[in-house]
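Data first, discussion second: the structure below is written as C-alpha cells.
The values are calculated or read from the model by the stated rules, or taken from the named source; none is laboratory data. Keep in mind that this is a model prediction, so the values were computed, not measured. No Cβ is skipped: glycine too gets one built from the backbone with ideal geometry, and neighbour counts run over all protein chains shown. Surface accessibility is based on the protein's heavy atoms, side chains included, excluding ligands, DNA and RNA. Shrake-Rupley method; radii C 1.70, N 1.55, O 1.52, S 1.80 Å.
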Amino acid sequence: MELASFLGRALFVSVFLLSAWQEFNDFGEDGGRSAKSLKPKFNAFVNHVTTHTGQQLPPVDMKILVAAAIALKGIGGLLFVFGSSLGAYLLLLHQAVATPILYDFYNYDVDRKEFGQLFSKFTQSLALLGALLFFIGMKNSRKHGRQLRKKAPKAKAN
C-alpha cells in the first residue's frame, strides 16, 4: 500500500514538476514564453477584478510571477512526493492563484471554441485542486485518528 501511495503521488506531481522544469529551462532574462503568454491573461484578469470589485490590483512583473510559479510547483512537488502536507499546500496555493488567470473562460462567449477549451482546462485544474484538498483532508484525519486511539495509561496493580 505504501508503494502504491508513493507511485500515485509521484504520477500526480509529475504534471507540476515537468511544467516547472520546462518553465525553468525557458526562463531567460525576460521570463521566457511563459511570461509573454501570461501577460495578456493577467491583464484581462486585473481588468475583470477591477471592473467587478472596484479595487485596483498592484502592478506585478510577469518575470516574478513566473519565478514564483516555478518555485511553488518545484518545491511543492518535491515535498508532496514524499507525503508532505506543506508540499500539498504549496501546490494548492499555485492552483488557486493560477487557475482563474490561465483558464479565463469567463472572458469568452459560450458559443466560441476558446470557451470550451478553456472551460475544459479550468475544470481539469479544479480536479487537481480537489485531489490536493482530498490529500490534505486524509492526512489530517489520519493524524487526528491516531490521537483519538491513544489510550490512557493503565494504573499499576500492586
> In the stretch 92-108, which residue that is surrounded by 16 or more Cβ atoms within 10 Å (Cβ to Cβ) and polar (S, T, N, Q) is nearest to Phe12 (Cα to Cα)?
Replying inline: Gln95
>> Filter the stretch 57-68 down to the residues that are open to solvent by 40 Å² or more (accessible area, probe 1.4 Å) and under 24 Å from Tyr108 (Cβ atoms) and list them by number.
In response: Leu57, Val60, Leu65
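Let's see how each residue does on (1) exposed (fewer than 13 other Cβ atoms within 10 Å of the Cβ); (2) of a type in the set (Ser, Thr, Tyr); (3) under 21 Å from Ala96 (Cα atoms):
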residue: Glu2; (1), (2), (3): yes, no, no
residue: Gly8; (1), (2), (3): yes, no, no
residue: Gly31; (1), (2), (3): no, no, no
residue: Ala35; (1), (2), (3): no, no, yes
residue: Lys41; (1), (2), (3): no, no, yes
residue: Ala44; (1), (2), (3): no, no, yes
residue: Val49; (1), (2), (3): no, no, yes
> Are any of the residues in the stretch 69-91 open to solvent by 30 Å² or more (accessible area, probe 1.4 Å), in contact with a Phe, Trp or Tyr (Cβ under 7 Å, 6 or more places away or on another chain) and either free of Cβ contacts under 8 Å to residues at least 12 places away in the same chain or of a type in the set (S, T, N, Q) (or both)?
Replying inline: no
